[in-house]
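Q: Just passing along the structure, written as structure tokens.
The values are calculated or read from the model by the stated rules, or taken from the named source; none is laboratory data. These numbers were taken from a predicted model, which means no experiment stands behind them. Every residue, glycine among them, receives a Cβ derived from its backbone with ideal geometry; neighbour counts consider all protein chains shown. Remember, those area values only see protein heavy atoms, side chains included, never the ligands or the DNA or RNA. Shrake-Rupley method; radii C 1.70, N 1.55, O 1.52, S 1.80 Å.
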Amino acid sequence: MRELLLPKFNNNDEGCVLVDWAVEDGDEVFADEVVAEVETAKALEELVADVDGVLHRLVEVGAQCEFGRPVGLLFDSHQERDDYLANLASADVGTAPEGEDEDHDGGPEPILSDAARTLAQDHGIRSEQLRSLGKRVVKASDVQRLIDQGVMDQGAESAAAGAAADAAAVVSLSTRQRAVAAVVSEAHRTIPAAFAAIAVDLTAFRATRGGGAPYGLVELLVKAMAARQADFPLFFATPGADHTLVLASDANVGVTIDVGTGLFIPVLRDAARRPIGDLADDLMDFRVSALRQNFRGDAFADEAITLSLHNDPDIILAAPIVHPGRTCVVTLCAERSEVALAEDGTPFTRPVTTVAVTYDHRYLNGRDAVRFLTAVKQDLESADAIARLAG
């Protein structure tokens, strides 16, 4: 038997979180095979087996683990692992509370992981409750279900008494909101998101609007984002298999549209090369289609990057989810006035907004996010760059 030790991935952390097992408990693994993924403060790391063996997990998904400590055991054979479990079972029986043994009506005493045993002791879970699970090996998640069920049972009587009064307050989610819930849950479960925001001075943009420019800030930001595809290709990529990214051939920008009939993300195709007036026309068509809910079938296809609009008054910061299949989402917040100081110390007001990016930290890093935002900010604040983008 060999211990599957957690190596010290960096010098800044004392440990990490085990986020997923890649191999089922009791399965065979091979040397150099990835058996688990762990998350440190800075990155997602792979835990690799150093020898062949049969895996026995010692910790649950989501557990805090210390570097240098075992998270699993590797046995030479299934028989060796079975013997180990049998010895554990014997030890459990030998230390059972007085009056309890392995021949209760509920069956033999189950084998508890260390985390499960601690949790059961802390919450007063009895042996008969553990046996009622019908499992040979009980994990912390199994004990937690018993705890949750106990809380539900305790509250059942009072819940039943108040059911009639509460019935009027119960609201069922719509089919659309259930779909939103599914996407949001999957995004939070699978994507380790990070966030960065930058303030943008809109003085130069306002000057172009004063000249009657036939476009708005949304269209200009779409152009600024699309113009940076060559410099920041990973922001326009689709996650693939085995830690790969598929780069987009065109800067197709999905823009959130919400006119009260639901959230839609139609796509402005080839935004880098098309005239800004065409993009403005498409956005107007999208808003009309959202009102009528009659989008073309291809309106949502081939999105490479997303722009999420949060332009309600007083919204100064927003961090939406990164949709599965994307590496980031850019946010545009409401315009606002800000007091600033001239070089001679004279106060003045200027129009500003916040542009932010929420990004999948597996593929994009904070330094890249700041560089991307700074590049977009420079384009939105420069009269020459605005003229180039709108030309």
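Q: Ratio to report: Rg/Rh of the chain, with Cα atoms as the point set and Rh obtained by the Kirkwood method; give two decimals.
A: Taking Rh as the inverse mean 1/r over Cα pairs, Rg/Rh reads 1.10.
Q: Say R0 is 35 Å: what FRET efficiency, to the nearest 0.05, do residue 8 and residue 231 get from their beta-carbon distance?
A: 0.50
Q: With every protein chain kept in the model, how would you rank 1, 225 by accessible area, 1.4 Å probe, largest at the top?
A: Sorted descending by solvent-accessible area, the residues read 1, 225.
Q: Could you tell me the center-to-center distance, by alpha carbons, between region 287-340 and region 210-277 in angstrom?
A: Region 287-340 and region 210-277 have Cα centres separated by 10 Å.
Q: Moving to a separate point now. Determine, for each peptide in 305-311, 355-361, the mean count of other beta carbons within 10 angstrom over its residues, then list the peptides with the highest first.
A: Top of the packing list down: 355-361, 305-311.
Q: At a probe radius of 1.4 Å, what is the per-residue accessible area of residue 178, in Å² to the nearest 10?
A: The accessible area of residue 178 comes to roughly 140 Å².
Q: Between beta-carbons, use under 10 Å as the cut-off and find the net charge around residue 191, counting Lys and Arg +1, Asp and Glu -1.
A: That sum, taken over residues with Cβ under 10 Å, equals +1.
Q: Oh, and also: What's the extension gain from residue 312 to residue 374 if we count 0.36 nm per residue and subtract their Cα-Cα distance?
A: Using 0.36 nm per residue and subtracting the Cα-Cα distance, I get 19.9 nm.
Q: Estimate the FRET efficiency between residue 174 and residue 338 by the formula 1/(1 + (r/R0)^6), using the beta-carbon distance for r and 45 Å for R0, to the nearest 0.05.
A: The calculated FRET efficiency here is 0.70.
Q: What is the set of long-range amide H partners of residue 50 at a cut-off below 5 Å, with H atoms built 1.01 Å from backbone N?
A: Here 32 satisfy the definition.
Q: Given the -39500 (n - 2.57) contribution per DSSP H run of 4+ residues, what per-residue ellipticity at 222 nm results for the chain, rounded to the nearest 500 deg cm²/dmol?
A: Per the formula, -10500 deg cm²/dmol.
Q: Continuing with the same structure: Applying the Karplus parametrisation 6.51 cos²θ - 1.76 cosθ + 1.60 with θ = phi - 60° to the phi angles of region 336-352, what ³J(HN,Hα) value in whole Hz is obtained for each residue in order, glycine and proline being reported as x?
A: Along region 336-352, the couplings run 8, 9, 9, 7, 10, 10, 6, 4, 8, x, 6, x, 8, 9, 9, x, 9 Hz.
Q: Excluding residue 301 itself, what net charge comes from residues whose Cβ is under 12 Å from its Cβ, given Lys and Arg +1 and Asp and Glu -1?
A: So the surrounding residues net to -2.
Q: While we're here: Taking amide H positions as placed in the peptide plane 1.01 Å from N, state which residues far from residue 270 in sequence (5 or more) or on other chains have amide H under 5 Å from it.
A: It is 251, 252, 253, by chain and number.
Q: Compute, for the chain, the length of the dipole vector about the Cα centre, with Cβ point charges of +1 (Lys, Arg) and -1 (Asp, Glu) only. Units Debye, rounded to 20.
A: 2440 debye
Q: Rounded to the nearest 0.05, what FRET efficiency do residue 85 and residue 284 have when you use their Cβ-Cβ distance and R0 = 51 Å?
A: According to the calculation, E is roughly 0.15.
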